[in-house]
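The values are calculated or read from the model by the stated rules, or taken from the named source; none is laboratory data. Small disclaimer: the values here were computed from a predicted structure and weren't measured. Please note: Cβ atoms are built from the backbone with ideal geometry, for glycine as well, and neighbour counts cover all protein chains shown. When the accessible area is computed, the model is the full protein with side chains, heavy atoms only, and any ligands, DNA or RNA have been set aside. Shrake-Rupley method; radii C 1.70, N 1.55, O 1.52, S 1.80 Å.
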Amino acid sequence: MSSPVYEKYYVPAQSPWPFVGAVALFLIAVGAGNLVIELDKGSDGHGGKILTLGLITLLFMLIGWFHNQINESMQGMHSAQLGRSYRQGMAWFIFSEVMFFAAFFGALFYARVFAVPWLGGDSNNAMTNEVLWPGFTAMWPLETTPGGTQTEAMGWFGLPMANTIVLLISSVTCHFAHVALEQGNRARLKLMMALTILLGVSFLVLQGEEYIHAYEEMGLTLQSGVYGNTFFLLTGFHGLHVTLGTTILIILFLRILKGHFSPANHFAFQAGSWYWHFVDVVWVMLFFFVYIL
Amino acid sequence: MSEATEHLDHAHSHHHPSGIKRWLYTTNHKDIGTLYLWFAFIMFLTGGAMAMVIRAELFQPGLQIVEPNFFNQMTTVHGLIMVFGAVMPAFTGLANWLVPMMIGAPDMALPRMNNWSFWILPFAFLILLSSLFLEGGGPAFGWTFYAPLSTQYSADSTALFVFSVHIMGASSIMGAINVIVTIFNMRAPGMTWMKLPLFVWTWLITAFLLIAVMPVLAGAVTMVLTDKFFGTSFFNAAGGGDPVMFQHIFWFFGHPEVYIMILPAFGIISQIVPTFSRKKLFGYASMVYATASIALLSFIVWAHHMFTTGMPLVGEMFFMFATMLISVPTGVKVFNWVATMWRGSLSFEVPMLFAIAFIVLFTIGGLSGLMLAITPVDFQYHDTYFVVAHFHYVLVTGAVFSIMAAVYYWLPKWTGHMFDVTLAKWHFWCSLISVNVLFFPMHFVGLAGMPRRIPDYALQFADFNKWISIGGFAFGLSQLIFLAVLIKACRKQGVPVDDRVWEGAEGLEWQELPSPAPYHSFETPPVIK
């Protein structure tokens with residue numbers, strides 16, 4: 001860069017939204033904590049109400065904050081440098097999400113490679129098996145736990161395979177939408193976005209079917225020992241992320257209909273599509289490590 | 001770059017916001033930094049009060065003041081508050097104040113998110129502290145919340161503990177993203193990587209560690225929640241899980257976490273020592289590489305916290321040697337600080353006193369850490385007061401002393417007035433003497449076999465514990481002097497200082513900005529020589 005002229009960095013004026021957001025998270029944490037305790041004890045309380053209030057406050061905050069943000073962006077207050085800040089911020093946020101999933105993948109690997117074989121007497125743990133869990137045989141998927149809980153393992157062919165294909169295609173259509181946006185082809189952009197959303201929703205529906213099948217026909221539940229635990233927490237958190245991703249895509253779609261985004265200025269779109277690709281990559285890892293292996 | 005040159009008016013240039021809204025709605029890095037620092041100090045006094053309860057109970061053998069279960073809650077919440085409520089927010093506050101001034105930026109890169117990440121914290125700690133008053137009490141399983149203590153044997157309030165940790169983690173991650181993006185994207189033209197002040201470098205690497213491990217902590221507390229309330233068995237052998245797995249996941253977060261609490265301290269000391277030695281920092285580049293090596297090694301040493309909990313021999317060996325390897329880059333740092341002072345024109349202002357105390361006492365903590373790293377002898381030290389002595393040397397005389405050094409060093413720049421030097425020296429000497437009376441004897445009672453986290457102990461430890469408690473009360477009281485210095489400083493009772501404040505100070509914040517620093521640091525980027 002040869003002697004660039006430096007623009008002013010946009011430092012926003014005071015805003016109530018971050019504080020509202022903090023209040024929302026406070027209500028959510030208090031509400032969720034109390035709700036969990038009440039569910040556990042079967043007692044009455046206000047946990048659910050506080051949680052709902054918190055979620056409404058969060059929604060209110062998100063609408064207000066994004067409204068603000070979009071207006072500023074449309075007025076051209078955001079510089080190229082600010083755009084870089086947003087992109088880098090989003091990239092690091094996705095990295096933090098990767099590490100969140102890493103904790104659960106770590107639990108899966110540890111249970112498979114160490115905990116379950118050791119309970120079965122592997123390494124120098126013969127007496128663990130003999131004395132504490134006699135008759136337990138190590139296996140994966142763990143269809144019979146040391147405590148005796150029985151379950152059936154989820155296969156990879158069929159629904160999970162179909163879901164993999166759905167999500168992989170959606171990543172491609174999302175990319176095509178991005179290309180169309182950059183080329184200024186708005187008709188194609190709308191079509192590709194609609195397709196992506198449709199595929200995202202189909203994934204969620206199929207995943208719901210799979211959960212019903214697991215609970216009602218296979219006896220595979222959240223309580224089915226460490227196989228069920230890792231299965232449901234990994235796919236469950238992934239499902240939550242797909243839900244969030246689909247919501248983002250729907251909002252982006254509505255903004256596209258309103259004529260937002262230009263080939264040069266479309267951070268929100270880019271962030272949404274990065275998020276979608278991330279969700280896709282996590283699924284591929286899940287499909288491989290949870291279902292196939 | 002034509003669109004970049006167009007002049008953009010921004011909405012804030014204008015008046016100084018005032019009243020309560022200034023603090024609730026702020027997007028200013030200095031206001032947010034101030035909020036973080038005061039919050040951290042209040043938490044430091046709160047957690048400190050809990051430490052006083054602990055030391056009062058341990059003043060003599062037997063149970064006299066508190067119930068064992070309440071004692072456990074005190075040790076647990078003391079730890080949680082000091083780690084997540086005092087040390088980490090204090091460093092974030094310093095980063096907020098200093099990083100934009102040091103790199104020549106107008107503010108942090110993402111000012112609104114900055115405010116969000118601060119305001120989550122008071123709420124998170126409100127939840128944590130209020131859980132102490134619930135039926136069954138608050139968390140009593142130690143700040144490490146090992147399963148099954150936190151799953152099968154914990155109070156109902158564990159659910160609130162879990163969610164408060166979740167939002168604390170969200171706050172830390174947002175704070176770290178902000179710091180990292182600011183450093184990557186907001187440096188003034190000419191502020192190249194190897195010109196960055198070391199405080200900025202160490203915070204950059206700390207921010208990376210935070211983003212990498214706070215989500216793992218979130219995962220760990222989530223599994224505790226589901227194990228306790230939703231019937232999963234991640235940490236229960238009957239379902240194929242393993243309580244030791246909890247420790248692996250926790251310490252994968254926990255070990256980088258302890259470097260999160262010390263790397264910014266290294267940065268602070270690397271700023272202060274050259275100023276009062278009137279020399280450039282010795283070995284700047286090696287400091288940068290040493291910091292990065294420590295950060296990378298921090299990911300492969302976690303299991304040295306769990307040598308006695310059952311691991312294959314190969315694992316014990318690997319983690320022992322990897323841990324000892326960390327002493328190499330750390331040694332580089334200590335060597336460089338000493339070499340900076342070597343033949344320097346030294347003077348001993350208050351920040352320098354704290355910095356020198358840091359170097360000596362942190363090194364003691366580092367050396368006891370090396371002893372703990374040796375697997376076979378760790379079987380003797382594990383879960384004794386020797387460990388307590390070790391981590392309080394690195395955290396109190398390390399992290400906390402560095403924060404105090406930083407506050408004394410930059411306070412005149414922030415307020416435009418010199419603090420009360422006499423009172424500050426009283427604070428230093430009282431703290432220095434009492435902190436050693438407090439923590440040094442812990443090495444001996446630990447080596448003699450006194451276990452940690454118990455409200456009662458064998459008679460032969462009575463004399464040492466009495467002295468430890470006296471040191472503890474004295475250290476606690478000494479911090480009230482600090483409070484007095486800070487209140488006087490904020491009221492600007494003191495001689496006005498010039499822009500550079502300290503004779504040997506170098507860097508943008510001293511050489512390009514007036515004292516007190518203006519509300520918006522650099523509206524136009526400074527010229528970097």
Note the direction-averaged projected area, equal to a quarter of the hull surface, for the Cα convex hull of segment B:192-323, in nm².
10.0
At a probe of 1.4 Å, how much accessible area disappears from chains B and A on forming the pair, both sides counted, to the nearest 100 Å²?
6500
What does the convex hull of the Cα atoms of the protein assembly as shown come to per residue, in Å³, rounded to a whole number?
165
Please report, in debye to the nearest 20, how large the charge dipole of the protein assembly as shown is about its Cα centre when each Lys and Arg carries +1 at its beta carbon and each Asp and Glu carries -1 there.
2220
Sulfur and carbon atoms: percent of accessible area, segment B:112-186 [1.4 Å]
70
Probe 1.4 Å, heavy atoms of protein chains only: per residue, the accessible area of segment A:81-292 in Å² is 44
Those chymotrypsin sites (Phe, Trp or Tyr not before Pro) in segment B:116-163 that DSSP places in a loop and that have at most 15 other beta carbons within 10 Å
B:Y153
Mean shadow area of segment B:84-198 over all directions, Cα convex hull, nm²
8.1
Under the definition of Cα pairs under 8 Å and six or more residues apart, what whole-number percent is the relative contact order of chain B?
18
Compute from the Cα atoms of chain B the Rg and the Dmax, the latter being the longest Cα-Cα distance, and quote both in angstrom.
23.0, 79
All alpha-carbon distances of segment A:81-292, grouped into 10 Å bins from 0, give the whole-percent distribution 8, 29, 28, 18, 11, 5, 2
Given a 1.4 Å probe and the protein chains all in place, what does the accessible area of B:V435 round to, in Å² to the nearest 10?
0
With each run of n ≥ 4 DSSP H residues scored as -39500 (n - 2.57), what mean residue ellipticity at 222 nm is computed for the protein assembly as shown after dividing by its residue count and rounding to the nearest 500 deg cm²/dmol?
-22500 deg cm²/dmol
Long-range amide H partners of B:M108 with built H, under 5 Å
B:H29
Relative to the first principal axis of the alpha-carbon coordinates of chain B, what is the inclination of helix B:421-447, with its axis defined by its Cα atoms, in degrees from 0 to 90 and to the nearest 10?
30
On average, how much accessible surface per residue is there in segment B:131-269, in Å², for a 1.4 Å probe, leaving out ligands, DNA and RNA?
22
What percentage of the solvent-accessible surface of segment A:252-293, computed with a 1.4 Å probe over protein heavy atoms, is contributed by carbon and sulfur atoms?
74
List the residues whose amide H sits under 5 Å from the amide H of B:H417, counting only those 5 or more places along or on another chain, with H placed 1.01 Å from N in the peptide plane.
B:V497
B:L37 accessible area, assembled protein chains, probe 1.4 Å, Å²:
30
Hey, any idea what % of segment A:13-77's accessible area is carbon plus sulfur with a 1.4 Å probe?
72
Going residue by residue through segment B:237-244, the Karplus relation 6.51 cos²θ - 1.76 cosθ + 1.60 with θ = phi - 60° gives ³J(HN,Hα) values, rounded to whole Hz and with x marking Gly or Pro, of 4, 4, x, x, x, 7, x, 5
In degrees, nearest 10, range 0 to 90: what is the angle between the Cα axis of helix B:401-415 and the longest Cα principal axis of chain B?
30
Determine the distance separating the Cα centre of segment B:280-359 from the Cα centre of segment B:108-152; give it in Å without decimals.
30
What percent of all Cα-Cα pairs in segment A:13-77 falls into each 5 Å bin, going from 0 up to the bin containing the maximum distance?
4, 19, 20, 16, 12, 10, 8, 5, 4, 2, 1
